[in-house]
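Derivation of every value follows stated rules applied to the coordinates shown; laboratory data play no part. The model shown is predicted, which means the values in this text are computed figures rather than measured ones. Heads up, the Cβs are rebuilt from the backbone with ideal geometry, glycines too, and the neighbour counts pull from every protein chain shown.
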Amino acid sequence: MLNPPLSLLSDDLLAYIVEHISNLPFWDEHLHSLSLTDRAFTQICQTYIFRSLELGMGSGTKSKISKKLAKMKKILDDKPSVANRVRVIEICVSHARNAWLFNDPTLISILQLLAKSLMPPHELRFGGPMFSRLTIEDPILFVGRLTQSFFSQTLTTLRLTECKNVPLPLFLICPKLREVLLDCVGVSEESYDEYPEEYSSTRDRELPALEVFDYRDSHSLVKQMITSPPRFHTPVVIWSKLRILTLSPHEEEEMACLQPILDAACNTLEELYLTSLHVSDKGKQLPLVGLLNLKDLSSLRVFALYAIIKCNKKESGALRDINIVLSKISASNQVTNLSFDFSISGKHPFGGCLEQDWIGLCDEIIRISAGKPLELELQTKVSSEGFQSPDVGDGAVYRRIEETTASLSDFSNICCHFWNPTCWSSGLAPFPRGQTNAPRAEGPLAGTLILRR
């Protein structure tokens, strides 16, 4: 048992310690060790250790998955209560012949044991290794196995990564689905004529009402989710309850899917993040005008954008384009957070950047704030082209941008967080991508991080 001072700690504090360790690198090894140090930690650690059932992580080979399945089956047989702790099932498969997995008796037995738990798993993560897309060998079998499992009644979060031949009925059979992440996934089927009626009919069926949607390089599947093939009669998901949407603003086919989703979720969408990195290295800034209209988003609170500014005449209108998009936001809006991450590239003296419409951006920010509290994050990073030193002229650019946006300091309701690479010297890291909840600092700050209350 624990000795003082640990023995004097409450269960809440012990849980806090374990939660902190669970966020560290190699957390699983640390928690395994901690769970063996004293029985007071064992139960709490097991909550995290067994929360996710990972199959085939790493190589994702048949041999590795089979061994992991056998190991987990033995744990569940020896201690059935462990099933109550499993919340997530994560399957990573690297080989083309993968249909065996869904007929594997050990996997089926594990799913049956988990179904008997007080609260069966609610999240499924499925796909192939990074940069090696998995093709689902038998998508009908895949859908059928999920239909027969508890997932058809419990699945609320679905994460699909690096996989092809994804079956659209996968969404139809999970009516409680609320959160979906798609990263480098696609469909092969167009008609779904070979699918049984119970997998493809939307009549007299509860459809999943998505609340959180994040997609990248997955346009073929997203298109079918928006406009489903005739076999389904109606779209397989409901968009009108969507609250949070994330995608890359630099992929034309992804952005082409954006406005139909915005139109369907115009009354409920609260957070829009155009912040995901492009899957290729082209780094092209798309003209946003014509691709999205923020006019009718009556519940929008957060808007975040990652944009690329090229310092040449051909692409000198990036900020003007962004300002036009912002101008569509109604004066009577609900916006509380704006976040802009600008990647600036060119050659010294970066004239194209300094000629951008920074004043127009400030004017739109002030107009959107409309006197109410508004938190603004503005992050800039300059990268030099050619053989110039990385820091040639950077400081002057950052100072000019700061001077140009100084008008924001006249508005006490706007709390500004400015960041550029010179802030590293003050120990200030960049803002987390796709987040707008940066903490407010106290006292004077060096560099170009400015906070105004």
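Some points to look at:
- Normalised by residue number, the volume inside the convex hull of the Cα atoms of the stretch 52-238 is 105 Å³ per residue.
- Protection proxy ranking, highest mean first, for peptides 213-226, 250-263: 213-226, 250-263, where packing is the per-residue count of other beta-carbon atoms within 10 Å, averaged.
- Projected label points at R97 and A331, each 7 Å from Cα along the beta carbon direction, are separated by 7.0 nanometres.
- Estimated inter-spin distance, K295 and D263, nm [label 7 Å along Cα→Cβ]: 1.3 nm
- Based on DSSP H segments of at least four residues, each scored -39500 (n - 2.57), the chain has a per-residue ellipticity at 222 nm of -8500 deg cm²/dmol.
- Listed by Cβ neighbour count within 10 Å, with the fewest neighbours leading, K116, K310 appear as K116, K310.
- If you plug the beta carbon distance of E190 and E355 into 1/(1 + (r/R0)^6) with R0 = 45 Å, you get a FRET efficiency near 0.40.
- Once Rg and the Kirkwood radius are both taken over the C-alpha atoms of the chain, their ratio Rg/Rh works out to 1.01.
- With R₀ fixed at 51 Å, the C-beta to C-beta distance from Y16 to T106 puts the FRET efficiency at about 0.90.
- Label-point separation, R400 to H30 (7 Å along Cα→Cβ), nm: 4.5 nm
- Extension reserve of the N23-K381 stretch, reckoned as 0.36 nm per residue once the Cα distance is removed: 126.0 nm
- Compared with the alpha-carbon gap, the fully stretched path from L207 to T135 is longer by 23.3 nm at 0.36 nm per residue.
- Over 30 Å between alpha carbons, listed pairs K176/K284; K64/K241; K223/K372; K164/K381; K284/K372; K62/K116: K176/K284; K64/K241; K223/K372; K164/K381; K284/K372
- Largest-first principal axis extents, alpha carbons of the stretch 129-171, Å: 32, 21, 15
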